[in-house]
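This report concerns only the one structure given below.
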Amino acid sequence: MRKFFSIILFVLLSPGLTVQASYLPQGQIASLVRTYIMNRLGGGEDKFQVEVLNIPQDIDTGWELQVVPSSRKSYLGTYLVKLRAFSQGVLVKEVPLIVRVREVGKVLVATKLIKRYEVLTEDKVAWEEREIPPFIRHPLRNLEEVVGKRAKRGINRGEVVTADLVEVPPLVGKGQVVELSLKHPGFSLRTKGKALEDGWEGDVIRVRVLASGKRLSARIEKGEVQILN
C-alpha cells in the first residue's frame, strides 16, 4: 500500500511529467453543429449541405458542449455560430465557428434562351442537380409548374426557372383581334376589336373597335370579351 501511494505522489509532484489530455474528435464536433443547423432548417439531409470550416482541436472529451442559437432569419449562407464548452456547469471555452450551409437539389433550368412572353414547352427545360443560392427563391421542380406558362422576362440558357419568372398566359393578349360582344335585354351585338392590353379571366381591359376605331372598356368573362356599358 505504501508503494502505491508513493507512485501517485511521484506522478503529481514530478515537475517534468505531464498527463496526456483527451480531446474530442473533430468529426464529432462537426456532427454536433450539423445536427443543430439541420434542426433549425427542419431536416432534409438530402436537401442541405452543412460544412464547418474551422473545427477546434482542443475540446476536452469531458466538457459539455452547446451551440449558441443564432439570431439569423435564414440559416443558409456562410456565417458564424458560437460553440460553448462547460466543465461541471462552468463555461471554460467559447469558440466562434464558421459554417457554410448550402441548399442543393434537382431543379428545372432553361436549355436554351427563352424570350419574354415565350410559352415554355417540355423541350425548353431540363432537370439539373444544382446548388441553390439564397437569392434564388422558389425554384421550380415539377414540369407541371412550367409547361404551358410563359416567361415574364427573358430567361437565359442554364438559368434556374423560378416561380417569379413564369406566369399563366393571358386569355387575351395585347394586339390580339377578338370578338367583342354587347348584350342587352332583347338584343345582342357582336363585332371585331383589338385588345390594347393583356387580360386574364375577370379583368377589365381597353379595346379598340375595328370598324369605328372607338376605344372602349371590356370585361373578360367566361372566355368572352364583353363591352361594358
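What follows is calculated from the coordinates using simple rules that are stated; it is not laboratory data. Please read all numbers here as calculations on a predicted model, not as lab measurements. So basically every Cβ, Gly included, is an ideal-geometry build from the backbone, and we count neighbours across all protein chains shown.
Some notes on this structure:
- Where [x] 146; [y] 171; [z] 212 are the candidate values, the label of the one calculated here for volume of the Cα convex hull per residue in Å³ is [z].
- Across the stretch 134-148, the residues whose backbone nitrogen lies under 19 Å from the label position 7 Å along the beta-carbon direction of Asp203 are 148.
- Debye intensity ratio I(q)/I(0), log10, the stretch 184-229, q values 0.16, 0.18, 0.29 Å⁻¹ (C-alpha model): -0.41, -0.52, -1.15
- Between the stretch 148-211 and the stretch 102-141, the alpha-carbon center distance in angstrom: 26 Å
- For Phe48, nonlocal amide neighbours, meaning residues 5 or more places apart or on other chains whose placed amide H falls under 5 Å from its own, are Val104.
- Comparing Leu80, Leu210, Leu97 in a Gaussian network model of the chain where C-alpha atoms under 10 Å apart are linked, the largest mean-square fluctuation is found at Leu210.
- Note on Leu196 and Lys222: their simple-model spin labels are 2.7 nm apart, each label 7 Å out from Cα toward Cβ.
- Nearest-ten-degree value, helix 2-13 long axis tilted from longest Cα axis of the chain: 50 degrees
- Entry note, the chain: the mean residue ellipticity at 222 nm calculated from DSSP H runs of n ≥ 4, each adding -39500 (n - 2.57), is -4000 deg cm²/dmol after division by the residues and rounding to the nearest 500.
- The loop-placed chymotrypsin sites (Phe, Trp or Tyr not before Pro) in the stretch 91-169, going by DSSP, that have at most 11 neighbouring Cβ atoms within 10 Å of their Cβ come out as Phe135.
- Here the average projected area of the convex hull drawn through the C-alpha atoms of the stretch 104-167 stands at 3.6 nm².
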